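What follows is a set of notes on a single structure, which appears directly below.
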Amino acid sequence: MTQEAGAPTEFEILIALALRWFRDRSDRLVVEVGLGGRLDSTNVLDLGVAVITNVSEDHRQYLGETVKQIAGEKAGIIKPDNAVITGASADALQVIERRSREVGARSLWRLGRELEVNLRRQGWEGVAFDLDGPGFRYEGLHAPLLGTHQAENAALAVAAAHALGDANEESVRTGLAKIEWPGRLQVLEGRTLLDGAHNQEGMRRLTREVRKLIGGARLVVVFAAMKDKDVGAMLAELSRLQPALVVFTRAASAGERGLAPAELAVMWLGRDGVADDATSALRQAQAEAGTEGWVLACGSLYLVAELLN
């Protein structure tokens with residue numbers, strides 16, 4: 001391969017090893033794209049079902065400056081005779097619809113059209129919702145995840161199971177009930193929330209859901225971010241939470257990609273605190289929040305992983 005096409009990347013080697021391992025051990029694969037879709041190593045596969053959850057402006061330096069361009073890269077996973085499932089909307093949905101027609105996808109299930117979600121309730125216990133889809137209907141599905149958007153995510157997962165052709169009521173309800181998603185509005189002891197949102201849309205959803213959960217309680221934020229993200233837009237969304245204090249930090253594992261805490265503080269107009277390491281930042285935030293307040297650590301999956309460890 002090196003002689004014919006150049007040296008493979010580490011990610012390409014890992015994908016090849018994973019597929020070789022799974023070949024003799026599984027008749028079902030759920031494979032997440034690494035970056036984009038069209039040129040990603042995982043796109044050597046055609047598993048019959050293509051799921052594009054949503055499209056936002058992330059990884060623009062690699063995938064394009066606009067939602068349409070990014071959607072075009074993601075839609076590159078759609079192949080002839082695929083069942084396509086998506087929660088995308090507006091311009092991104094138009095791109096996915098066009099790609100599905102061009103390659104001859106066998107079906108296209110769109111959230112809000114072929115897939116209808118009715119949210120029954122949401123709170124600290126998770127989300128409960130009804131789901132109508134082509135040939136299936138569920139009432140009172142429950143997923144133990146925080147945030148109204150998780151009902152949409154769960155609906156897409158149920159639809160994918162049906163597209164594979166072997167979903168049933170018991171497996172769907174049991175599967176959803178057992179969901180664990182570390183780092184996505186995860187609640188820890190000490191009234192602390194962790195969330196890996198690291199782009200503008202993720203932060204927008206996060207800030208909306210946090211206030212629904214904690215109401216007007218005092219909130220202290222621990223924030224870290226990577227240099228290649230739209231940090232200004234993320235901080236603009238964060239400001240909607242009106243936190244009592246933000247402690248800026250950097251995850252050790254982020255290395256040179258991580259923005260320095262002092263730089264983040266300047267972008268936040270120089271207010272609030274800085275801490276050189278994530279653990280110190282968390283301890284400072286918990287002390288500032290007190291016994292009645294809450295702490296939210298967000299902005300980077302590197303930060304979330306370090307705090308979990």
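Only one entry of Gly123, Gly87 meets the criterion of being open to solvent by less than 20 Å² (accessible area, probe 1.4 Å) and touching a residue at least 60 places away in the same chain (Cβ under 8 Å), and that entry is Gly123.
Within region 55-78, residues that are within 17 Å of Ser41 (Cβ to Cβ) have Cβ atoms under 9 Å from residues that are modelled with pLDDT under 85 and of a type in the set (Gly, Ala, Ser) in these pairs: Glu73/Gly64, counting only partners at least 6 apart in sequence or on another chain. Taking Ala105 as the residue in question, decide whether it is assigned to a loop (DSSP other than H, G, I, E, B) and at pLDDT 95 or above. Yes; evaluated as a whole, the condition is true for this residue. Considering region 170-199, the residues that are in contact with a strand residue (DSSP E or B) (Cβ under 7 Å, 6 or more places away or on another chain) and assigned to a helix (DSSP H, G or I) include one that is surrounded by the fewest Cβ atoms within 10 Å (Cβ to Cβ), namely Ala177. Of the listed requirements (1) small (Gly, Ala, Ser); (2) over 19 Å from the mean Cα position of the chain (by Cα); (3) surrounded by 20 or more Cβ atoms within 10 Å (Cβ to Cβ), Ala92 misses just one: (2).
From the list Ala285, Ala217, Ala236, the one residue that fits, being in contact with a strand residue (DSSP E or B) (Cβ under 9 Å, 6 or more places away or on another chain), part of a helix (DSSP H, G or I) and of a type in the set (Gly, Ala, Ser), is Ala285. Taking the numbered list (1) open to solvent by less than 10 Å² (accessible area, probe 1.4 Å); (2) in contact with a helix residue (DSSP H, G or I) (Cβ under 7 Å, 6 or more places away or on another chain); (3) of a type in the set (Val, Ile, Thr) in turn, Val274 passes all entries but (1). Filtered by the rule that a residue be farther than 16 Å from Gly175 by Cα and part of a helix (DSSP H, G or I), region 126-157 gives a lone residue, His149.
The values are calculated or read from the model by the stated rules, or taken from the named source; none is laboratory data. Values in this document were obtained by computation on a predicted structure and should not be read as measured data. FYI the Cβ positions are ideal-geometry reconstructions off the backbone, even for glycines, and counts take in every protein chain you see. Accessible surface is based on the protein model in full, side chains and every heavy atom, while ligands, DNA and RNA are left aside. Shrake-Rupley method; radii C 1.70, N 1.55, O 1.52, S 1.80 Å.
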